[in-house]
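These notes are about the structure you will find just below.
The values are calculated or read from the model by the stated rules, or taken from the named source; none is laboratory data. Just so it is clear, the model here is predicted, and its values are computed rather than measured. Cβ sites come from the backbone with ideal geometry, for glycine too, and all protein chains shown count toward neighbours. Areas reflect the complete protein model, heavy atoms only, side chains present, ligands, DNA and RNA absent. Shrake-Rupley method; radii C 1.70, N 1.55, O 1.52, S 1.80 Å.
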Amino acid sequence: MPQLAYVNGHILPLADASLHVEDRGTQFGDAVYEVCAVMNGRILDWQQHLVRLRRNLGELGITLGIADGPLTQQARRLIAANGHSECIIYMQVSRGTAKRDHSFPGGAPANLVMTVRRFDFAQRIRQLETGIAVITQPDNRWGRVDIKTTGLLPNVLAKQAAKEAGAFEAWMVAKGDGGETVREGSSTNAWIVKDGRIITHPTGTEILPGIARDSLIRLAREAQLAVEERPFTLAEALAADEAFLTSTTAPILPVVRIDGQAVGNGHTGPVVRRLAELTWKEVARQTGWRA
Ligand code: PDD
C-alpha cells in the first residue's frame, strides 16, 4: 500500500503531497507541529496534544480554520488509510502561503499537513535493558522553546552531533551562575534520579512541555514517588543514581552514559524500571497495546 499524506483537506500519495514553495513554514519556520504516538490504532494522549497545538497556534497568532472535532476525524482517517496500527502521526500547521515578507500576510489560510510513519514501539521496551547514551551540547536555541515550532536547526545540529558521537540524544546545556543547567534533549525531556527523588527541569520558556513528561509526573505522583520540577546541573546529572529521557517516540528510556561517563553503575536502575512499568501500563490502559 503506498504511503498516504494529508494536505489541506486532501488525502493523497506521499510522493504527490506537497506545499507551495512560498509556504511560510519553509521560508521562516513560521509553523508549529505535533508528533503523536499511535498504538493499536489509537492515538495516545490525543487531547493533550490538541491542547498544546491550540496553545502554540495562539502564542503565534496562527488561525487554523478547522475545529478539534473535524481535525480529530481527519487524523483518524489518515491513520486508517495508511493501515498501520503502530505508527506516529506528524501534524504541521504553517501560517500559510504568501509572497515572502517577514510580517504576517493578511488573509492567507494556514496550511495543515499530516504524515504517518510506521513505528516500532516494542524496540523502546527492548532498549530498557541496554539503556542509551547522551552527549551534551550548548543550548543555543531562541528564548521561546516552549512553543513547538518547526524552527529546529539547533536541535537538528545537536542530534547530528549525538549521532556522530555514537549517542542516542544530545542534552542541551545552558551556562548560568550555578553551573551548567541541563534543560532538555534535542527532541526529548531530560530527567535524573537522586536518593529516590525524580528531578526534571520546570516548564516555562526554556523547555518544551512534553506530553510524555507530563504523564510521567502524574503517574509517578500517583505511585507516591517524589518528583521535583527544578533545574539541575550537569554536575548533578553526572553524580545522579539514575537518569532517563521521555518523549512521544521514546516514552521512557534509561540514560546510562553522559558524555562517556557512566550514570550510577552504568545500568538501568530500579526507579527507571518502576517508571517504565507505570508508563507502559498507562499506554496499555489507553490504547490496549502491549509489546
Ligand atoms: N519531540 N523536547 C523537545 C525539544 C522535543 O522536540 C520533544 C518532542 C520533547 C518531548 O515532547 P513530547 O513528550 O510531547 O513528545 C521535548 C518530538 C517527538 C519530535 O520533534 O519528533
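Yes/no matrix, rows are residues, columns are (1) within 27 Å of Gln92 (Cα to Cα); (2) at pLDDT below 95; (3) outside any strand (DSSP E or B); (4) open to solvent by less than 30 Å² (accessible area, probe 1.4 Å):
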residue	(1), (2), (3), (4)
Ile147	yes, no, yes, yes
Pro154	yes, no, yes, no
Gln160	yes, no, yes, no
Lys163	yes, no, yes, no
Gly166	no, no, yes, no
Ala170	yes, no, no, yes
Lys175	no, yes, no, no
Arg183	yes, no, no, no
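Out of (1) touching a residue at least 12 places away in the same chain (Cβ under 8 Å); (2) in contact with a strand residue (DSSP E or B) (Cβ under 9 Å, 6 or more places away or on another chain); (3) open to solvent by 20 Å² or more (accessible area, probe 1.4 Å), the odd one out for Trp280 is which?
Just one mismatch for Trp280, condition (2).
Filter segment 209-223 for residues that are open to solvent by 30 Å² or more (accessible area, probe 1.4 Å) and within 11 Å of the ligand (Cβ to nearest atom) and give the result.
Residues satisfying the conditions are Pro209, Asp214.
Can you pull out every residue in segment 126-156 that is away from the ligand (no atom under 14 Å from the Cβ) and touching a helix residue (DSSP H, G or I) at 6+ places or on another chain (Cβ under 7 Å)?
Within segment 126-156, Leu128, Ile135, Thr136 meet the criteria.
Report, by residue number, each residue of segment 217-274 that is under 20 Å from Arg126 (Cβ atoms), part of a loop (DSSP other than H, G, I, E, B) and acidic (Asp, Glu).
none
If a residue has to be part of a strand (DSSP E or B) and in contact with a Ser or Thr (Cβ under 7 Å, 6 or more places away or on another chain) to count, how many in segment 191-209 make the cut?
Residues flagged as part of a strand (DSSP E or B) and in contact with a Ser or Thr (Cβ under 7 Å, 6 or more places away or on another chain) within segment 191-209 amount to 1.
Among the listed residues Glu34, Glu59, which satisfies the condition of being at pLDDT 95 or above and crowded, with 19+ Cβ neighbours inside 10 Å?
On inspection, the qualifying residue turns out to be Glu34.
Only one of (1) in a strand (DSSP E or B); (2) in contact with a Gly (Cβ under 6 Å, 6 or more places away or on another chain) is not met by Leu12, so which one is it?
Unmet condition: (2).
Could you list, in sequence order, all residues of segment 75-89 that are outside any loop (DSSP other than H, G, I, E, B) and more than 14 Å from Leu44 (Cβ to Cβ)?
Arg77, Leu78, Ala80, Ala81, Asn82
Could you say which residue among Ser103, Ser94 is under 26 Å from Ile66 (Cβ atoms) and either under 18 Å from the mean Cα position of the chain (by Cα) or open to solvent by 10 Å² or more (accessible area, probe 1.4 Å) (or both)?
None of the other options fit; the residue is Ser103.
Test of understanding: among Asp241, Asp259, which residue is more than 15 Å from the ligand (Cβ to nearest atom), within 19 Å of Phe168 (Cα to Cα), in contact (Cβ under 8 Å) with a residue 24 or more places away in the chain and not aliphatic (A, V, I, L, M)?
Exactly one of Asp241, Asp259 is more than 15 Å from the ligand (Cβ to nearest atom), within 19 Å of Phe168 (Cα to Cα), in contact (Cβ under 8 Å) with a residue 24 or more places away in the chain and not aliphatic (A, V, I, L, M), namely Asp259.
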